[in-house]
Amino acid sequence: MAYDVTPTRLPEVLVLRPKVFSDQRGFFYESFNARDFKIATGIERVFVQDNHSRSIHAVLRGLHYQIEHPQGKLIRVTQGEVFDVAVDMRLRSPNFGRWVGVALSAENKCQLWVPEGFAHGFLVMSDFAEVNYKVTDYWHAEHERCLRWNDPELGIQWPLSGTTPLLAAKDMNATGLREGELFP
């Protein structure tokens, strides 16, 4: 098995730890294997697009979701470290409005599976970070929605240590949980 899988407190959101082969020369691991992903998680998805971002310290990207053409995301960090967050946006879910945060880094090589129906975002903890993620549907700008990162109803405990996060304009103008569009 290429992955060890641990459910988070939101059981559909999973932490995957790939098997890493290391020696004095460095390391090797399969960052994705469809067969092993399905065996380890019970999830079978077709990933249609790979995304790669580079951000400086204190950049907070998110919380993003697509109300139509929802995207499942398999996220990993290849440089630096982020605090990665998923929020359950499914109105009928027993976990609606709950969040989970996981440290992903180049060092720990962990990955996070965020299924469709969840908002996703991350805060860069290191000097910079490169985040790579696979998605199950294409980006559709007209269906993208932004959930306010600091919505008091969510109560996300971002590890900011007094730092003000750097946000994109769309994230500064995001809506709160109750004002935004939700999944049924």
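Restricting attention to the stretch 144-178, which residues are out of contact with any Cys (no Cβ under 6 Å at 6 or more places or on another chain), surrounded by 10 or more Cβ atoms within 10 Å (Cβ to Cβ) and either at pLDDT below 95 or small (Gly, Ala, Ser) (or both)?
Those that are out of contact with any Cys (no Cβ under 6 Å at 6 or more places or on another chain), surrounded by 10 or more Cβ atoms within 10 Å (Cβ to Cβ) and either at pLDDT below 95 or small (Gly, Ala, Ser) (or both): 155, 163, 168, 176.
Inside the stretch 130-169, can you point out the residues that are assigned to a loop (DSSP other than H, G, I, E, B), under 17 Å from the mean Cα position of the chain (by Cα) and of a type in the set (S, T, N, Q)?
The answer is 136, 150, 157.
Under 8 Å between Cβ atoms, which residue pairs at least 6 apart in sequence (or on different chains) link something in the stretch 158-170 that is free of Cβ contacts under 8 Å to residues at least 12 places away in the same chain with a partner that is of a type in the set (Lys, Arg) and surrounded by 14 or more Cβ atoms within 10 Å (Cβ to Cβ)?
Every condition considered, no pair remains.
Scan the stretch 40-67 residue by residue and report those that are of a type in the set (A, V, I, L, M), within 30 Å of residue 91 (Cα to Cα), touching a Phe, Trp or Tyr at 6+ places or on another chain (Cβ under 9 Å) and surrounded by fewer than 14 Cβ atoms within 10 Å (Cβ to Cβ). Steps first, please.
Step one: filter the stretch 40-67 for residues of a type in the set (A, V, I, L, M), giving 40, 43, 46, 48, 56, 58-60, 63, 67.
Filter once more, keeping what is within 30 Å of residue 91 (Cα to Cα): 40, 43, 46, 48, 59-60, 63, 67.
Going one step further and asking which of them are touching a Phe, Trp or Tyr at 6+ places or on another chain (Cβ under 9 Å), we end up with 40, 43, 48, 59-60, 63, 67.
The one that is of a type in the set (A, V, I, L, M), within 30 Å of residue 91 (Cα to Cα), touching a Phe, Trp or Tyr at 6+ places or on another chain (Cβ under 9 Å) and surrounded by fewer than 14 Cβ atoms within 10 Å (Cβ to Cβ): 48.
Can you say whether residue 141 is hydrophobic (A, V, I, L, M, F, W, C), without any contact (Cβ under 8 Å) to a residue 24 or more places away in the chain, within 19 Å of residue 171 (Cβ to Cβ) and surrounded by fewer than 21 Cβ atoms within 10 Å (Cβ to Cβ), as far as the supplied structure shows?
Taking the combined requirement at face value, the residue satisfies it.
The values are calculated or read from the model by the stated rules, or taken from the named source; none is laboratory data. These numbers come from a predicted model, not from an experiment. For neighbour counting, all protein chains shown are included, and Cβ atoms are generated from backbone atoms with ideal geometry for every residue, glycine included.
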